[in-house]
Amino acid sequence: MMNNKQNFEIIEFTEDLKNHIKTLNYEWLEKYFRIEKTDIANLSNPKENIIDAGGFIYYAKLNNKIVGTVSLLKKTNAIFELGKMAVTENAKGYGIGTKLLEHALKIAKQKQLEKLILYSNTKLETAINMYKKYGFIETELEIRLYERANIKMEKQL
């Protein structure tokens, strides 16, 4: 966990930070899976493919460095996908993923969304356990949006 001397904040997407979502997500995708076509499209043009489509992108900033990200991708007016969540390897262990998830849940409630969904892979046990801890439950995995996804979870808000 973070100590009091560390400066941590969650900030909104700005155009000058656009490459961070790509860098952070490519890091874990290359480590565990592979980068898919949908990843390239969404992460190369986050403003057009996420923000302009009605979604949101947030960054975790630790000691003035961007170390994590999370997005809410619009599916319908009431349902958003929690996605593009990543924390850089050298910032793991500080609880940043948890803080990003809590922030996304807070925003979802403020926006009065009905449900959040997410797609993941069961080999990412730490992430799956965190989602369960925050009330996400496994649901039927319909069409595969991502080749790597073998689990879909949702949370009613």
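Determine the calculated [θ] at 222 nm for the chain from helices alone, applying -39500 (n - 2.57) to every DSSP H run no shorter than 4 residues and normalising by the residue count; nearest 500 deg cm²/dmol.
Helices in the chain give a 222 nm mean residue ellipticity of -9000 deg cm²/dmol.
Counting only protein chains, not ligands or nucleic acids, how are 87, 70 ordered by accessible area (probe 1.4 Å), most first?
87, 70
Could you point to the label whose value was computed as semi-axes √(5λ) of the Cα gyration tensor in Å for the structure here, given [x] 24, 23, 17; [y] 22, 18, 17; [z] 23, 19, 13?
Checking each listed value against the structure points to [y].
In the chain, carbon and sulfur make up what percent of the accessible area (probe 1.4 Å)?
Taking all protein chains in place, the chain shows 47 percent carbon and sulfur surface.
With an 8 Å Cα cut-off and a minimum separation of 6 or more residues, compute the relative contact order for the stretch 41-157 in percent.
19 percent
Report relative contact order for the stretch 46-112 in percent, whole number only (criteria: Cα-Cα under 8 Å, sequence separation at least 6).
Relative contact order here is 25 percent.
Which percent, nearest 5, of DSSP beta bridges in the stretch 1-156 are antiparallel?
Approximately 90 percent, going by the DSSP bridge assignments.
Summing +1 for each Lys or Arg and -1 for each Asp or Glu, what net charge is found among the other residues whose Cβ lies under 13 Å from the Cβ of residue 137?
Surrounding charge for residue 137 is +2.
Considering Cα pairs under 8 angstrom that are at least six residues apart, work out the relative contact order of the stretch 1-60 and quote it in whole percent.
52 percent.
Please give the solvent-accessible surface of residue 123 in Å², to the nearest 10, using a probe radius of 1.4 Å with every protein chain present.
110 Å²
The values are calculated or read from the model by the stated rules, or taken from the named source; none is laboratory data. None of the values given here were measured: they were computed from a predicted structure. We place every Cβ from the backbone using ideal geometry, glycine too, and count neighbours over all the protein chains shown. SASA here: full protein model, heavy atoms, side chains in, ligands and nucleic acids out. Shrake-Rupley method; radii C 1.70, N 1.55, O 1.52, S 1.80 Å.
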